Amino acid sequence: MAEFTLELNDDQKQVRDWLNGFAKDVIRPAAAEWDEREETPWPVIQEAAKVGIYSLDFYAQQFFDPTGLGIPMALEELFWGDAGIALSIVGTGLAAVGVLANGTEEQIGTWIPQMYGDVDDVKVAAFCSSEPDAGSDVGAMRTRAVYDEAKDEWVLNGTKTWATNGGIAGVHVVVAVVDQELGSKGHASFIVPPQTPGLSQGQKFKKHGIRASHTAEVVLEDARVPGHCLLGGKEKLDERLARAHERAKAGGERVKNAAMATFEASRPAVGAMAVGTARAAYEVALDYATTRSQFGRPIIDNQGIAFQLADMRTQIDAARLLVWRASWMAATGKPFTSAEGSMSKLYASETAKKVTAQAIQILGGNGFTREYPVERMHRDAAIYTIFEGTSEIQRLVIARTLSGMPIR
Ligand SMILES: Cc1cc2nc3c(=O)[nH]c(=O)nc-3n(C[C@H](O)[C@H](O)[C@H](O)COP(=O)(O)OP(=O)(O)OC[C@H]3O[C@@H](n4cnc5c(N)ncnc54)[C@H](O)[C@@H]3O)c2cc1C
C-alpha cells in the first residue's frame, strides 16, 4: 500500500509538466474564444487526443496510480489552463467512471473505448443522473426503465437535465428507476448506445461559467436498449433488489450505501479542478499586484493587498492537501470515517469561489473586464460549489458522518 507522501515521484512530475505545457500552450490561448462561443471546443479535444491526453489509456494510468495523486494532479493542471475547455476534455471520464464502477469487464471493454472514439474521429460521452425534480434529492428520480422480457430489451422513459455532453455524446450512461418501492436503492445504470432511437437533446443551457462545456437536457421517449446494456447485468441487479426488499421487510435496517462510498472517492476530483482554477486566478493576481503601481508604489506594498494574497495562497495549499489526502485514502482503500472526500470538495470549491472574487478585486477595473481572465475564472469557479453535490449537501454528509445523526 502506498505511503502518503507530498513529494510527487519523477514519473508524476514528468506528467505534471507535460500537462502544464499543454494547458499553457494549447488550452489557455483558446479559453476566451470558446467561452464567448459557448460551444464544445472540438479542435482542442482533438489536439488533446493527438498528444494522448484525451484517451482511455491516459486516464486509466492516472486512475490506477497507487498513490492516488495521478488524477488530482492531472485535473489541477488542466483546469489551471481553463475550466470550460478542461471539462470538455475530462467530461467523458465521468461517464467512463460510471461504467468502471458498475459494469462487467465485458461492458468496460466494449463501451469505454467507444466513449473516446479515435484520434481522427473523437467522440464524447455523457453521464445522465440529474432530473428537473431530482437534483440534490436523487431519490426523487422519475426516469423509468422497464424490462421487456420477450425482446430482452429495456425501455427507458423520462427527462434528464444538466447532462455534461448530453445530446452531443455518442454513448450516454443513464441512471433510471427499476424498482420504485426502493427509492435510490431501486436505481440502475444503462448504456444508451450511439444513435439509439428515442434519445434526443432537449434544451441546451446558456450558462454563467464553464461555457465551453456543453450542458443540456436529454429526453428519453421509449428508448429501447438491448438487455446487455444494463450495467452489471440482470442477474446481479435481481440479487441486489431482492436483498434490498428483504432488508426493507426486516425493518429498513440502515446499510452502508455503496453509492455514498463512490461519491467520497469521486468528490476530491472536483476539489482538484477547483484548486486548478483558484491557483490560476491567484497567480494572475500576484503578478498584477507586483506590477501595477498606485500612489507611486506597487499595490502589493499595501498590507491590504499583500495579506489577501497570503490568505489566498494559504487556502489554496490547504485545499490541495485535503484533496490529496482524500485521493490517497480512496486509492489505498481507507474508510472515509469523517467524510474526508466531501470535506475536500467543500473546502476546495468554496476556496475557488472566494479566491477568484479576491483576484477580481485586486485587479480593480481590469479584473471586471474580459481583457483579463479572472472574471471568467470567477464565473467558472461558481460551478464547483454546485455540481457533484452542492456545498450544503457536502455539509450534510460531513455532519451526518461525524455525528451519526439523521441531520436534515
Ligand atoms: C454545469 C453543470 C453540469 C452538470 N453536469 C451534470 C452531469 O454531467 N450529470 C448529471 O447527472 N448532473 C449534472 N449536473 C447536475 C448537478 O449535479 C446538480 O445541479 C446538483 O446536484 C444540484 O441539483 P439542483 O441543481 O437540482 O439543485 P437543488 O437540489 O434544487 O438545490 C437548490 C439549492 O437548495 C439546496 N438544498 C437542497 N437540498 C438541501 C438540503 N437537504 N439541505 C440544505 N440545502 C439543500 C442546495 O444546496 C442548493 O443550494 C450539472 C449541473 C451543472 C450546473
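The values are calculated or read from the model by the stated rules, or taken from the named source; none is laboratory data. Bear in mind that the values here come from a model prediction, so they are computed numbers and not experimental data. Counting neighbours? That spans all protein chains shown, and the Cβs are built from the backbone with ideal geometry, glycine included.
Below, the figures for the structure above:
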item: Ala310 being surrounded by 24 or more Cβ atoms within 10 Å (Cβ to Cβ), more than 30 Å from Thr262 (Cβ to Cβ) and not assigned by TED's automatic domain parsing to the domain that holds Glu36; result: no
item: Matching residues in segment 180-203 - criterion: being free of Cβ contacts under 8 Å to residues at least 60 places away in the same chain, part of a strand (DSSP E or B) and either more than 20 Å from Val97 (Cα to Cα) or of a type in the set (S, T, N, Q) (or both); result: Leu199, Ser200, Gln201, Gly202, Gln203
item: Identity of the residue in segment 204-249, over 30 Å from Arg28 (Cβ atoms) and under 21 Å from the mean Cα position of the chain (by Cα), that ends up surrounded by the most Cβ atoms within 10 Å (Cβ to Cβ); result: Val218
item: Test: residue in segment 382-396 that is among the β-branched types (Val, Ile, Thr), within 16 Å of the ligand (Cβ to nearest atom), within 18 Å of Gln315 (Cβ to Cβ) and within 20 Å of the chain's Cα centre (by Cα); result: yes
item: From the options Val218, Val175, residue that is touching a His at 6+ places or on another chain (Cβ under 6 Å), at pLDDT 95 or above and not assigned by TED's automatic domain parsing to the domain that holds Ile383; result: Val175
item: Condition met for Ala176 (surrounded by fewer than 21 Cβ atoms within 10 Å (Cβ to Cβ) and touching a residue at least 12 places away in the same chain (Cβ under 8 Å)); result: no
item: Only one of Gln12, Gln46 that is polar (S, T, N, Q) and more than 30 Å from Lys204 (Cα to Cα); result: Gln12
item: The lone exception for Ala399 - which of (1) farther than 19 Å from Pro72 by Cβ; (2) in contact (Cβ under 8 Å) with a residue 40 or more places away in the chain; (3) aliphatic (A, V, I, L, M); (4) within 16 Å of the ligand (Cβ to nearest atom) it fails; result: (2)
item: Residue ranges of helices (runs of 4 or more DSSP H) in segment 1-54 with at least 1 members in contact (Cβ under 8 Å) with a residue 24 or more places away in the chain, in the same structural domain as Gly117 (by TED's automatic domain parsing) and in contact with a His (Cβ under 9 Å, 6 or more places away or on another chain); result: none
item: Breaking point among (1) out of contact with any Leu (no Cβ under 8 Å at 6 or more places or on another chain); (2) crowded, with 19+ Cβ neighbours inside 10 Å, for Ala348; result: (1)
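Okay, residues lined up against (1) within 16 Å of the ligand (Cβ to nearest atom); (2) under 23 Å from the mean Cα position of the chain (by Cα):
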residue: Gly103; (1), (2): no, yes
residue: Gln114; (1), (2): no, yes
residue: Phe127; (1), (2): yes, yes
residue: Tyr147; (1), (2): no, no
residue: Glu153; (1), (2): no, no
residue: Ala176; (1), (2): yes, yes
